[in-house]
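Data first, discussion second: the structure below is written as C-alpha cells.
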Amino acid sequence: MRLLGCYLFLLGVCRVGLSDVLVLDTGRVEGKIVRETEKEIRIQTTAGELVFSRSRVKQIERGPTLREQYEEKLRSVPQDDPEEIYKLALWCEERHMTTESRELLREVLDLDPDHAGAKKKLGLAAPKRAEQQAAEAEAAWCARLRGLLSRLESSSAREGALTALRGIEEAEAGRAALTLLPEYKEALSLKRVALIQVLAQTGCKDATSAVVQQLMKDEKEPVAQAAAAALPKLDRELAAELLVPLLKRNMSEASMKLCYPEKRAKLTRAIRRATMGLVGLDYPELAPILIDALYVRLPGSTDPSSKPSFMASAVESEFVSAGGNQTTVFSFSSPDASLESETYLNEVALAYLKRLSGQDFSYDKEPWRRWWVEHKHLYLPMP
C-alpha cells in the first residue's frame, strides 16, 4: 500500500497545472473525474482511468484539466504575436502536449519565418548552420578545383583535368570558381578559361559582373572569348546593363580624344569586346546600339615626333574577333602626318546585324537605321 501511495503521489505531482485531485489516505491523484457514484469515483489520469472507492477518498479538489487550461490560454494569446504563441508552445511541450506544441510552432514560423527558436524545436536547420554548411562545401570545391587546375600545367594530365572540369555542374562549385578567379589573375590563361567555363556550367549568376570584367580587361583573347560565351548562361539582363554603358563610353572616348596608337588599340579592343558580349546575349532590341558601333572615327596622335601608325589604305590589327575574323582599321592621311585619322570597323557588330536582319548594308549606318525603324516591331517584345 505504501508503494501504491508513493506512485499515486508522483502521478499527481508530475503533472504540472491544476485539475481534479483526489486526496486519498495514501496520497493524491490528479486527473479528471469522469464519473461519481455513492460507492466509487472514476478519474482519468495520464496512466489511464482509475477507480477508487468512496471510503478511500478523504477530499476532492476540483479544477480545470490541462486541455481546459490550454484552451483558455489559447483564447488569451494574441494570434499575431509570434513570441506569445512561442511561449504557449513551450508550455505545451513541458506538459507533453506534443501535437499542440508543434502546431503552435508552425504558426510561429508562419508569422516569423526566421524565428530561431521555432526552427530549432521543429528540427529545421538554423540559418547559421546553413551558412556554415555552404562555406564548408565551397572550401571543399576550392580545394578540388585547385587540384584540377594544377594538372593543366602538365601536358599528360591536361586532357583528363579538362574532362573533369567540363563535367562540373554543382552550384557550390560555381561559388568556389568565383572565389578562385582573382587568385589566377597572373596564371596560365587556360586556368582562367576553365574557371569561367565552370561558372557558365553551374549558372552562377553572382559571377556576371566578374565575367564581364574578364571580358573587358583580360589581356588574353581566349579568356575574353570564354567570358563572352559564358555570359548568356549567367544573368543576361545584368550583363547587358553593364556592357551597354561600357560600349558607349569607349566609343565616345575613342572618337573624341587624340591619343597615341597604344591607347587607340586599347579603346578599339574594348569596343570590340563589349560588342562580343552584347552580340552573345542575342537581344534584338540592342540593334540600334550595335548600329552606332559599326564604325568609330579615331583622331590621330598628338605627339609630333610619332610616326603615322597606319599608312596603307587598310591594315589588319592584332586582334581577332569571336568568330575568327580579323578587325580592320582604315587609315586616312592628313596634311599633318602626326595627326593620322583612322576609322575602326566593327566586324562583330556587322556580322550580328546581317544575321539578325538577313540584309547587308555593310558599314553604312543610315540604311541600317532605316531598316530598324521599318522592322523593329518584329523584334521588340509585345507591350
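Throughout, read-outs are computed from the coordinates displayed, never taken from laboratory work. All values reported here derive from a predicted model rather than from experimental measurement. Neighbour counts run over all protein chains shown; Cβ positions are idealised from the backbone, glycine included.
Among Ile43, Ile289, what is the fewest-to-most ranking by other Cβ atoms within 10 Å?
Working: Ile43 22, Ile289 19.
Fewest-to-most ranking of Ile43, Ile289: Ile289, Ile43.
Semi-axes of the equivalent ellipsoid of the stretch 97-150: what are they in whole Å, largest first, if each equals the square root of 5 times a C-alpha gyration tensor eigenvalue?
Listed largest to smallest, the semi-axes of the stretch 97-150 are 38, 10, 6 Å.
Working from label points 7 Å from Cα in the Cα-to-Cβ sense, the Lys205 to Glu170 distance is 2.3 nm.
Lys and Arg at +1, Asp and Glu at -1: add these up for the other residues within a Cβ distance under 13 Å of Val211 and post the number. Please report the intermediate quantities before stating the final value.
Details: positive: Arg192, Lys205, Lys217, Lys233, Arg236, Arg273; negative: Asp206, Asp218, Asp235.
Every neighbour counted, the sum reads +3.
Relative to the globular-protein estimate of 2.2 N^0.38 Å, the Cα radius of gyration of the stretch 175-223 stands at 1.00. Exposure proxy for Ser155, Ser255: other Cβ atoms within 10 Å of each Cβ, ordered fewest to most, give Ser155, Ser255.
At an R0 of 56 angstrom, the distance between the Cβ atoms of Lys120 and Lys220 translates into a FRET efficiency of 0.65. Here, the stretch 132-233 is characterised by an Rg to Rh ratio of 0.94, where Rg is the alpha-carbon radius of gyration and Rh the Kirkwood radius.
For the pair Val51 and Ser150, label points projected 7 Å from Cα toward Cβ lie 8.1 nm apart. Relative to one another, the C-alpha centroids of the stretch 37-89 and the stretch 200-263 are positioned 72 Å apart.
Rank these for me by crowding, Met216, Met97, Met256, going from fewest to most other beta carbons within 10 Å. Each step should come with its number before you reach the end.
Details: Met216 20, Met97 17, Met256 11.
Ranking Met216, Met97, Met256 by Cβ neighbours within 10 Å, fewest first, gives Met256, Met97, Met216.
Taken along its three principal axes, the alpha carbon spread of the stretch 173-302 comes to 48, 35, 17 Å, from the longest extent down to the shortest. Kirkwood hydrodynamic radius, the stretch 67-124, all distinct C-alpha pairs: what's the number in Å? For the stretch 67-124, the Kirkwood estimate is 11.1 Å.
The listed peptides 275-287, 29-41, ordered by packing as a protection proxy, come out as 275-287, 29-41 (highest mean of other Cβ atoms within 10 Å first).
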